[in-house]
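This report refers to the structure that appears directly beneath it.
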Amino acid sequence: MKTHIAHLLELTLNKNKKRIKTYLETLPAAVKGPIFEEYLKELYCGNGFLAVRKGGKDDLGADILIYSRNDPATPLLLVQAKNQKRPLSERDTRAELMKFEEKAQHTYNCHHFVIYSLNGFTE
């Protein structure tokens, strides 16, 4: 995974958005989700935040927890990352929002949530 992240961060430094997207889309199915999560985590860290990747089936709807460096006890933001071939449907977006509202916000004591979908969202 480290090699993938290093490559993605190099592409980021070079502002090569198209190659970043293509690289993330063409990763093997078994690793494309975790690598997208780790990449987003590194982007937040590079912007001065503390970030912890939870990801996986038991993440309660929060792949990444974002903290302020001044207050690493309570997350500022919960991130859900979706690296799928198609835009995230309204149904799937609602399901992710429900997971956040019913589980993640209470578990992590955080009321701010964002979904990143590599291929966007349906109308």
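The values are calculated or read from the model by the stated rules, or taken from the named source; none is laboratory data. The shown structure was predicted, so the numbers you read here are calculated from the model rather than taken from an experiment. Every residue, glycine among them, receives a Cβ derived from its backbone with ideal geometry; neighbour counts consider all protein chains shown. Note: areas computed on protein heavy atoms with side chains; ligands, DNA, RNA excluded. Shrake-Rupley method; radii C 1.70, N 1.55, O 1.52, S 1.80 Å.
Has segment 49-56 got at least one residue that is β-branched (V, I, T) and farther than 20 Å from Y23 by Cβ? Can you show your working first?
Initial filter on segment 49-56 (β-branched (V, I, T)): 52.
Filter again for farther than 20 Å from Y23 by Cβ, leaving 52.
Yes, segment 49-56 has at least one match.
Has segment 58-67 got at least one residue that is assigned to a loop (DSSP other than H, G, I, E, B) and open to solvent by 30 Å² or more (accessible area, probe 1.4 Å)?
If we filter segment 58-67 for residues that are assigned to a loop (DSSP other than H, G, I, E, B), which is where we start, we get 58-63.
Those still in the list that are open to solvent by 30 Å² or more (accessible area, probe 1.4 Å) too: 58, 60.
Yes, segment 58-67 contains at least one residue that is assigned to a loop (DSSP other than H, G, I, E, B) and open to solvent by 30 Å² or more (accessible area, probe 1.4 Å).
Considering only residues that are in a helix (DSSP H, G or I), more than 18 Å from P87 (Cβ to Cβ) and modelled with pLDDT of 95 or more, which ones fall in segment 4-30?
Of the residues in segment 4-30, the ones in a helix (DSSP H, G or I) are 4-13, 17-25, 29-30.
Among the residues that remain, those that are also more than 18 Å from P87 (Cβ to Cβ) are: 4-13, 19, 23, 30.
Of everything in segment 4-30, those that are in a helix (DSSP H, G or I), more than 18 Å from P87 (Cβ to Cβ) and modelled with pLDDT of 95 or more turn out to be H4, I5, A6, H7, L8, L9, E10, L11, T12, L13, R19, Y23.
What residue, among those in segment 68-86 that are more than 11 Å from the chain's Cα centre (by Cα) and under 18 Å from P34 (Cα atoms), is least open to solvent (accessible area, probe 1.4 Å)?
Once the filter is applied, the top-ranked residue is Q84.
Do you know which residues across segment 93-123 are surrounded by fewer than 17 Cβ atoms within 10 Å (Cβ to Cβ), of a type in the set (D, E) and part of a helix (DSSP H, G or I)?
Result: E101, E102.
Of the conditions (1) crowded, with 19+ Cβ neighbours inside 10 Å; (2) in contact with a strand residue (DSSP E or B) (Cβ under 7 Å, 6 or more places away or on another chain); (3) of a type in the set (S, T, Y), Y39 fails just one. Which one is it?
Every listed condition holds for Y39 apart from (2).
Hey, can you tell me all the residues within segment 44-57 that are outside any loop (DSSP other than H, G, I, E, B) and open to solvent by 50 Å² or more (accessible area, probe 1.4 Å)?
Residues of segment 44-57 outside any loop (DSSP other than H, G, I, E, B): 44-46, 50-53.
Within segment 44-57, G46, L50, V52, R53 meet the criteria.
Return the only residue of L50, L60, L65, L43 being over 11 Å from the mean Cα position of the chain (by Cα), modelled with pLDDT of 95 or more and of a type outside the set (S, T, Y). Break it down into steps so the answer makes sense when it comes.
Details: L60 fails: modelled with pLDDT of 95 or more; L65 fails: over 11 Å from the mean Cα position of the chain (by Cα); L43 fails: over 11 Å from the mean Cα position of the chain (by Cα).
Matching residue, one of L50, L60, L65, L43: L50.
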